[in-house]
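Read through the structure below, which is laid out as structure tokens, and then see the notes.
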Amino acid sequence: MNMPATPALLADDMPQAEHLEKRLQGDLRSDHAGETGAVWIYRGILALSRDAEIRSFAAEHLQTEQQHLAFFEAWLPGRLHSRLLPLWKLAGWMLGAVSLLGGRRGVYLTIDAVETFVVQHYQEQIEYLQAQRDHREIRAVLRRFQRDEEHHRVEASQRSEREPGWLARRWRTLVEEGSRLAVVAARRL
């Protein structure tokens, strides 16, 4: 799902991020870090996979994640970026690479787990902003990104084809918990 407007144009319509409340700045820092990690997940997959189906899936999703990242890059000043960006890049690349050990199903299961977490993460931010009755333009962007991530989740889930077994459920829990811990760290650092 491609965004109709360029990321820079969208960013120009946003409030100045450095004037937002600290909590919201932390959320946005974690969003930028998460989109960075997502780009690198797909780069890890593309660096190692020779499977045409997986490469097509990863390339399509990479394009969307790069658009999300470009938006945050254009909007958030560098001082609001996570100081752990090199770690998020490495962790994303490694997660993409390791997911290949499970073949196609491993990739789809990993993307399903990551995107399930991301959709919920965006939902929590949207609900917070709704409760504050503030920043309609930020909510609109988060909703757009959330729809893209939900599309990725559904596609990965459908391609997975069957219910995950014990090992797959443990892997999913590990991926979701890792994502949760990354958000906690990125909000602060």
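What follows draws every value from the coordinates through simple rules; no lab data is involved. All figures in this text were calculated on a predicted structure; none of them were measured in a lab. Glycine also receives a Cβ, built like all others from the backbone with ideal geometry; neighbour counts cover every protein chain displayed.
Using Cα pairs under 8 angstrom and six or more residues apart, how large is the relative contact order of the chain, in percent?
About 30 percent, as a whole number.
Nearest 0.05, what FRET efficiency do Arg133 and Ala185 give at R0 = 22 Å with Cβ-Cβ as r?
0.15
Just to be sure I understand the model, the point goes 7 Å from the Cα along the line to the Cβ. What's the resulting Ala74 to Glu177 distance in nm?
If labels sit at Ala74 and Glu177, their model points lie 3.9 nm apart.
Contour minus end-to-end for Arg105 and Arg143, with contour as 0.36 nm per residue of separation and end-to-end as the Cα-Cα distance?
Full extension from Arg105 to Arg143 adds 10.9 nm.
In which sequence would His135, His68 go, from the one with the fewest C-beta neighbours within 10 Å to the one with the most?
Lowest to highest Cβ neighbour count: His135, His68.
Sort 52-60, 84-92 by the packing proxy (mean of other Cβ within 10 Å over each peptide's residues), most packed first.
The peptides rank, most packed first, as 84-92, 52-60.
Given the C-alpha centroids of the stretch 144-175 and the stretch 91-119, what is the distance between them in whole angstrom?
So the two Cα centres are separated by 8 Å.
Most mobile of Thr36, Thr173, Thr64 per a Gaussian network model of the chain (Cα springs, under 10 Å)?
Thr173
Over the stretch 11-101, consider all pairs of different Cα atoms and compute the Kirkwood hydrodynamic radius from their mean reciprocal separation; express it in Å, one decimal.
Evaluated over the stretch 11-101, this radius sits at 13.8 Å.
Once both labels are modelled 7 Å past Cα along the beta-carbon direction, what's the Glu60-Gln120 spacing in nm?
Going from the Glu60 label point to the Gln120 one covers 2.6 nm.
Placing unit charges on C-beta atoms (Lys and Arg positive, Asp and Glu negative, everything else neutral), compute the dipole magnitude of the chain about its Cα centre in debye, rounded to 20.
It comes to approximately 540 debye.
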